[in-house]
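The values are calculated or read from the model by the stated rules, or taken from the named source; none is laboratory data. All values reported here derive from a predicted model rather than from experimental measurement. For neighbour counting, all protein chains shown are included, and Cβ atoms are generated from backbone atoms with ideal geometry for every residue, glycine included. Just so you know, the surface numbers come from the protein's heavy atoms only, side chains and all, with ligands and any DNA or RNA stripped out. Shrake-Rupley method; radii C 1.70, N 1.55, O 1.52, S 1.80 Å.
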Amino acid sequence: MRLRVLEDGHGFATKALFALIRTASRQPVLDIIKLAKYRPDFYGDPMSKVTQEAMRGPSAWSVGDRELMAASIAKTNECEFCTKAHTAVAQGAYGDGKKVSAALSDLLSDHAAEVVGEPLRATLLMLGKLTREHTVTEEEMRAVLAAGASRQQIEDALAVCFSFNVIGRLADAFGFSVPGPEALEAGAKYLLARGYR
């Protein structure tokens, strides 16, 4: 069930901004933007800052790596909107759809390790377990370190995990519409150019 507040809960200035976005992009305004603009002081502005730092702040992980983490977390949560959106952004960041597909299809395979590298694969597996089971053990964290990820990379990955577990749950709670390929591509280009501000 879709919550209607995203359609008609905005003030005049925000509605004018949405009209401008629709006109300039020739695409519908994505529900994530509607959510962020609904009560920006309560959710949109603070969460945008957290997500911007997690996804575009300084990190040894590339933008593509972090977008792949977001897509993987979304897939684990079975959030169709976030999976498709961040798959598109990761593909754009890497310039390689096959790499993203291989990583999202079977992280346990040797092929996935070859494609994304062992540190990222081990991190994605840990994030998947944390997302599913809401816990990881000391041994599992040691395994990620042994695979070559640094402590800082793990902390950066956990920030991505936090952001996209929150956003994915909100997307499902609000019944986000899943846009078509053109809108997903336009959204991916925007996120790659401007980030999450």
Fill in the blank from the handout: Taking the chain and counting helices only, DSSP H stretches of n ≥ 4 at -39,500 (n - 2.57) each over all residues, the nearest-500 ellipticity at 222 nm comes to -23000 deg cm²/dmol
Practice task
Taking the Cα centre of the chain as origin, sum charge times position over the Cβ atoms of Lys and Arg (+1) and Asp and Glu (-1), and report the length of that vector in debye to the nearest 20.
Solution key: 820 debye
Practice task
Report the one residue of Val100, Gly175, Asn77 whose Cα lies farthest in the direction of the positive end of the charge dipole of the chain (charges on C-beta: Lys and Arg +1, Asp and Glu -1; origin at the Cα centre).
Solution key: Gly175
Completion exercise
Scalar couplings 3J(HN,Hα) for the range 70-81 by Karplus 6.51 cos²θ - 1.76 cosθ + 1.60 (θ = phi - 60°), nearest whole Hz, x for Gly and Pro, are 4, 5, 5, 4, 4, 5, 4, 7, 6, 9, 4, 4
Problem - Derived scalar couplings ³J(HN,Hα) [the range 153-161; Karplus, 6.51 cos²θ - 1.76 cosθ + 1.60; whole Hz; x for Gly, Pro] - result: 5, 5, 4, 4, 5, 5, 5, 4, 4
Problem - At 1.567 mPa s and 4 °C, Stokes diffusion of the range 4-62 via Kirkwood alpha-carbon radius, µm² per second - result: 101 µm²/s
Handout entry: Cross-link partners of Lys84 among lysines (Cα-Cα below 16 Å; sequence separation of 8 or more within a chain)
Key = Lys75, Lys98, Lys99, Lys189
Completion exercise
Sorted list, accessible surface of protein heavy atoms, 1.4 Å probe, largest first, for Thr23, Thr76 is Thr23, Thr76
Handout entry: Heavy atoms of Ser101 accessible to a 1.4 Å probe, total area in Å² rounded to 10
Key = 60 Å²
Exercise for the section: Just read off the accessible area of Arg132 with the full protein assembly in place, 1.4 Å probe, to the nearest 10 Å². Expected result: 140 Å²
Completion exercise
Descending accessible area (1.4 Å probe), largest on the left, turns Leu145, Leu104, Leu68 into Leu145, Leu104, Leu68
Fill in the blank from the handout: Rounded to the nearest 10 Å², the accessible area of Asp41 using a 1.4 Å probe with every protein chain kept is 120 Å²
